[in-house]
Amino acid sequence: MTQTEKKKMIRTMSKRKRQKPPWERMFDELSKFRKKYKHCDVPTKWSENVKLGRWVSHQRNMAGKGLLSDDLYNRLKQLGFVFHMHNISWEKHYKRLIDFRNDQGHCNVPEQWTNYGGLGGWVHSQRTRWKRGKLETERIERLEKAGFVWERHNEAWEQKFEKLIQFKNKEGHCDVPPGWTEFPKLAEWTYQQRKHKKNGKMPPERIKRMEDLGFKWTLKKF
């Protein structure tokens, strides 16, 4: 081997040492995709990077067979990688729910609501799974953090409580006078809350929320 060939071989070996392993290079590509698109759901035949789409699919297959090491699994999970395809659908609907909440100010999507990709039906299914004890704890926590209401009859209470918050922000107190023009039925609702508490029919959680807002249980004469 000539001196030139030796130098060339040394340069090649040195270059290979500096290169990241294939898995690390693809993980970097996925990280760039995540930064740009805010998720890791690379289409299998994504035209901009076909190799990345195939690699992502391969990671799911490996994880499904238990062949992906804990370290690699955890790194992907921390990046926001979804390993099961049915989870991808849930995440998409959850994002639509957040969009709905940001637009409408609440998560009470009508069941027949056709916008947001059939969100109304999905919301109904989440309540059904919750009632049957089949909804995962992590999903329950995320939905509740978003302001999701499980019992439909609670929606009316939440809406009126929100009106009370608006009244408090505007007037500086919670003593709603009868016939308040912006929400005429709010005074009647506050009277009912006092009555429920007096009769021991008000959940402690609601009592605390009312008191934290500054609500007084003793009726004030106007």
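Derivation of every value follows stated rules applied to the coordinates shown; laboratory data play no part. From a predicted model like this one, the values you see are computed outputs, not experimental measurements. All Cβ positions, glycine included, derive from the backbone under ideal geometry; neighbour counts span all protein chains shown.
Could you tally the net charge around residue 179, taking each other residue with its Cβ under 15 Å from the Cβ of residue 179, Lys/Arg +1 and Asp/Glu -1?
It works out to a net charge of -2.
Would you mind giving the three semi-axes, in whole Å and largest first, of the ellipsoid equivalent to the range 152-213 according to its Cα gyration tensor?
Value: 18, 12, 12 Å, ordered largest first.
In deg cm²/dmol and to the nearest 500, what is the mean residue ellipticity at 222 nm of the chain if only DSSP H runs of at least 4 residues count, each as -39500 (n - 2.57), divided by the residue total?
Theoretical 222 nm ellipticity from helices: -21500 deg cm²/dmol.
Give me the base-10 log of I(q)/I(0) for the chain at each q in 0.08, 0.13, 0.15 Å⁻¹, Debye formula, one uniform scatterer per Cα, rounded to two decimals.
-0.52, -0.92, -1.07
Between the range 26-41 and the range 134-182, how many Å separate their Cα centres?
37
By counting other Cβ atoms within 10 Å of each Cβ, how are 122, 113 ranked from fewest to most?
Ascending Cβ contact count within 10 Å gives the list 113, 122.
Which whole-Hz ³J(HN,Hα) couplings does the range 131-143 yield from phi under the Karplus relation 6.51 cos²θ - 1.76 cosθ + 1.60, θ = phi - 60°, glycine and proline marked x?
4, 8, x, 10, 9, 4, 4, 4, 6, 4, 5, 5, 5
Could you state the angle between the C-alpha long axis of helix 204-213 and the longest principal axis of the C-alpha atoms of the chain, as a value from 0 to 90 degrees rounded to the nearest 10?
Its long axis makes an angle of about 80 degrees.
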